[in-house]
């Protein structure tokens, strides 16, 4: 193929030859007395194959940039997309009984049927318009009859006997933990959360500013495909599936989400590419194949909605599986350096526990606290600070700071010097240099008692912090403890001054 301009008649003859069967079956569908009856997987597979080949040929000659041929190319692309979507929906319908999906409040089967009906109507309209456009371009269409019997899908009941030997997997708990953890981390992905929680866009402009984009959906589709591959690699055709029936159920939820994301990606692609306000109409431009508001409704109310619902179901399955196969262990880690278990560290620890759905306890001072509750962890600070103050008092005595500074001009200077000495020794972290010490208070307290009182005040209002090696102990599922340990090694998400720091990739699910 050269870079010059091809002769119009020569190109028309090429398309007439290569797109002959596509045009024949498109006319057959458009003129059929019962078009829905032949929208079977064999027919759709043929339509998808023929439209794919034709689109590639049209693109090779730059048809989308030609006024005479861009409409023809657009209709071929629409047939390719909607035949693919119809095929996906028919696949979902056919395998629903095998997926062992958990029940939902709404009827997914009925919703799938309605979406298939909508998509089928768009496809039939696209085929009709393609035939009409072919006439306008003087492309002949073969009169050869299409045999319906070749496309009817009459399937006998039953399945083949499963007599292949099963792979034996000894460490079931390890495999279950691997899958469940991967799924939970996937569903906590920021793209997934943004799409699931997205507010309904009202028009094309608001849609473009929403997370429901072809790019995001395609990325999630790939991730769920990888997740399904992970299952098939480690679990399929193994004894594990027979030992734990929750595994095939999880696989069904992964698969249905994957197919829904494929449909969603196609809908989003068509909405973004063909509903664009910037698209220049071609000569003979007609009404769109589908109203933008209708397509957007199916994108959101069917695909995105059921992706969210089945994802939530599968999260519960994964959490139950992790709980069932939990390996209980314990972990000792230092308390957060900046103000102990205040809001951010406590929230992050609780998010890890909630993410896996496992019971995790934190021990301090012979007391146990629920690690999934930030408020429970907040309470520990009171006892942590009490221990810090007790340790600091012994440190003042050990360093004989009371005698060292007792001859200062006034009590304020003496207390200030004690605080600064402790800071120089690395025992105190000072966050605000303007330390307010009451020099007019008249008491019979010793310098040590007064220093303890003033330091306690400054500690309570966050002007200073006492640096110690106080630790807490967590007890629970080792998988959860592993993430808590990683969080602790990364300062519980903060530096020594309470500034947020980035978390490692393994903990990105906490960035919600």
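Considering the range 214-282, the qualifying helices (runs of 4 or more DSSP H), each wholly inside and each with 2 or more residues that are at pLDDT below 85, run over 240-243. Could you go through the range 70-81 and let me know if any residue there is under 30 Å from residue 312 (Cα atoms) and out of contact with any strand residue (DSSP E or B) (no Cβ under 9 Å at 6 or more places or on another chain). Yes: one or more hits.
Within the range 460-503, the residues that satisfy the criterion of being in a helix (DSSP H, G or I), on the phi < 0 side of the Ramachandran plot and modelled with pLDDT of 80 or more are 478, 479, 480, 481, 482, 483, 484, 485, 486, 487, 488, 489. In summary, strands (runs of 3 or more DSSP E) completely within the range 285-373 and bearing 3 or more residues that are in contact with a helix residue (DSSP H, G or I) (Cβ under 8 Å, 6 or more places away or on another chain) and under 30 Å from residue 384 (Cα atoms) occur at 328-334, 367-370.
Counting the residues of the range 169-202 that are in contact (Cβ under 8 Å) with a residue 40 or more places away in the chain and in a loop (DSSP other than H, G, I, E, B) gives 6. Checked against (1) under 31 Å from the mean Cα position of the chain (by Cα); (2) assigned to a loop (DSSP other than H, G, I, E, B); (3) in contact (Cβ under 8 Å) with a residue 60 or more places away in the chain, residue 146 meets all criteria but (1). Just to be sure before I move on: is residue 88 in a helix (DSSP H, G or I), touching a residue at least 12 places away in the same chain (Cβ under 8 Å) and under 30 Å from residue 53 (Cα atoms) in the structure I sent? Considered against the rule, which asks whether it is in a helix (DSSP H, G or I), touching a residue at least 12 places away in the same chain (Cβ under 8 Å) and under 30 Å from residue 53 (Cα atoms), residue 88 comes out as yes. Here residue 136 meets each of (1) assigned by TED's automatic domain parsing to the domain that holds residue 241; (2) in contact (Cβ under 8 Å) with a residue 24 or more places away in the chain; (3) touching a helix residue (DSSP H, G or I) at 6+ places or on another chain (Cβ under 8 Å) with one exception, condition (3). Flag: residue 102 does not match the condition of being over 30 Å from residue 309 (Cβ atoms) and at pLDDT 85 or above.
Taking (1) without any contact (Cβ under 8 Å) to a residue 40 or more places away in the chain; (2) within 21 Å of residue 249 (Cα to Cα) in turn, residue 100 satisfies each apart from (1). Output yes when any residue across the range 355-368 is surrounded by fewer than 16 Cβ atoms within 10 Å (Cβ to Cβ), within 37 Å of the chain's Cα centre (by Cα) and either closer than 30 Å to residue 187 by Cβ or at pLDDT below 90 (or both), and no when none is. Checking the range 355-368: at least one residue is surrounded by fewer than 16 Cβ atoms within 10 Å (Cβ to Cβ), within 37 Å of the chain's Cα centre (by Cα) and either closer than 30 Å to residue 187 by Cβ or at pLDDT below 90 (or both).
Out of curiosity, is residue 116 surrounded by fewer than 19 Cβ atoms within 10 Å (Cβ to Cβ), within 22 Å of residue 304 (Cβ to Cβ) and in contact with a helix residue (DSSP H, G or I) (Cβ under 7 Å, 6 or more places away or on another chain)? No.
The values are calculated or read from the model by the stated rules, or taken from the named source; none is laboratory data. Given the structure is predicted, the values throughout are model-derived calculations rather than measurements. All Cβ positions, even for glycine, are placed from backbone atoms using ideal geometry, and neighbour counts span all protein chains on display.
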